[in-house]
Every structure is written in C-alpha cells, then in structure tokens.
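The values are calculated or read from the model by the stated rules, or taken from the named source; none is laboratory data. Since the model is a prediction, treat every value here as computed from it, not as a measurement. Quick reminder, even Gly has a Cβ in these numbers, built from the backbone with ideal geometry, and neighbours come from all protein chains shown.
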Amino acid sequence: MYTMPMREEVRGSRWIAAATSLVLAGLFVAACGGGSDPEPERPEPVAEEPDRRGDVLIPQRRFVEIRALFDRRRPDMTRCYSAAVGQGEIGRDEGGYVTVGLVISEEGRASDLHIYDSTFDSQFLFDCMFERIRQWNFGPLPRPLEYSYRYRFQAL
C-alpha cells in the first residue's frame, strides 16, 4: 500500500536535491576554470629559427613524441631484460635501470647508441636494446638530436 510522504519529507528531499545541484554546478564551474580567460598559447619554436648558439630549434612537441615512443616501446625493452635474465647475465632478483644515449638523425633514425649509465653489466641486454632501437623511426627532425632515456626494470 502506497502512502503519501509527509510535507517535511518532501520539503527535505527538495532541499537536498537543490543543494546537490548547486554543489555540482559549482564543481563544474570550478573544473572549467570559472569563466576566467584561457591562458594564452605560447608559440612553438619555428624549426628554422636558430637559437643563440646558431642551432636550429626543435619544436617541443617533437620531444614529447620521442619520449612517447620510448614509453610505448617499454615492452620490447622488458623482453630484452627477461632474455638477459634467461641467459644468466642478470640475476632473477636483480632489478635496476639502463640509461640509453643516442643521436637521432634528421631522417629520424637512431645512431651512436651507447649506455650512459646502468646498474647492470650485461652486454647481451645492451645489444638487444640497441638492436630494437635501431629499428625505430622517430620521424624527421630539422637537425640531429642527442637524446637519452632511462628504462627501469624490476626483478623477476
């Protein structure tokens, strides 16, 4: 059997609904910036524009893209690490890192690969990583770019 709610309950539930709507509206406005002027966009360096040393600038977005490529290829590097463990060059309980250095050519290919720093002493691991990185295409650049990236590995 259905009974009609009391007037106080109806008023109370309306008040809760109204308060909830106001809170949600306030959160929406805060999340959207509250109507303030958007931050002005910073112009991206033009590739042909030389810096103070005379080097041609590389747009910031290219650095983000290169880092994203290294991030996406992490599973490849983990397979190299696992293979080095399987070869017995790295202990199963040995975690650490490898910082790879390279030069990315104007055509977007890796050259001059070397290890900047590493907690491992595994030529097998380094060779495997270099072999994979040489296959990547970083995309064209206005000039060669020296770059480094650190991969961290957890013990198996």
Scanning the range 145-156 residue by residue, those over 12 Å from R73 (Cβ atoms) and part of a strand (DSSP E or B) turn out to be L145, E146, Y147, S148, R150, R152, F153
Condition set assigned to a strand (DSSP E or B) and aliphatic (A, V, I, L, M), scope the range 86-144, selection nearest to F63 (Cα to Cα): answer is I104
Among (1) surrounded by 12 or more Cβ atoms within 10 Å (Cβ to Cβ); (2) farther than 16 Å from Y147 by Cβ, M77 falls short only on (2)
Pairing a residue in the range 140-154 that is closer than 9 Å to I104 by Cα with any residue that is of a type in the set (S, T, Y) and in a strand (DSSP E or B), where Cβ atoms lie under 9 Å and the two sit 6 or more apart in sequence or on different chains, gives P144/S111
Within the range 108-122, residues being surrounded by 12 or more Cβ atoms within 10 Å (Cβ to Cβ) and either within 13 Å of S148 (Cβ to Cβ) or not small (G, A, S) (or both) number 9
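Can you go through I66, I90, I115 and tell me which one is of a type in the set (A, V, I, L, M, F, W, C), closer than 21 Å to L141 by Cβ and either touching a helix residue (DSSP H, G or I) at 6+ places or on another chain (Cβ under 6 Å) or at pLDDT 95 or above (or both)? Explain how you work it out, then say what you get.
Details: I90 fails: closer than 21 Å to L141 by Cβ; I115 fails: closer than 21 Å to L141 by Cβ.
Result: I66 is the single residue among I66, I90, I115 that is of a type in the set (A, V, I, L, M, F, W, C), closer than 21 Å to L141 by Cβ and either touching a helix residue (DSSP H, G or I) at 6+ places or on another chain (Cβ under 6 Å) or at pLDDT 95 or above (or both).
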Note: among D127, D93, just one is surrounded by fewer than 17 Cβ atoms within 10 Å (Cβ to Cβ), charged (D, E, K, R) and in contact (Cβ under 8 Å) with a residue 12 or more places away in the chain, namely D93
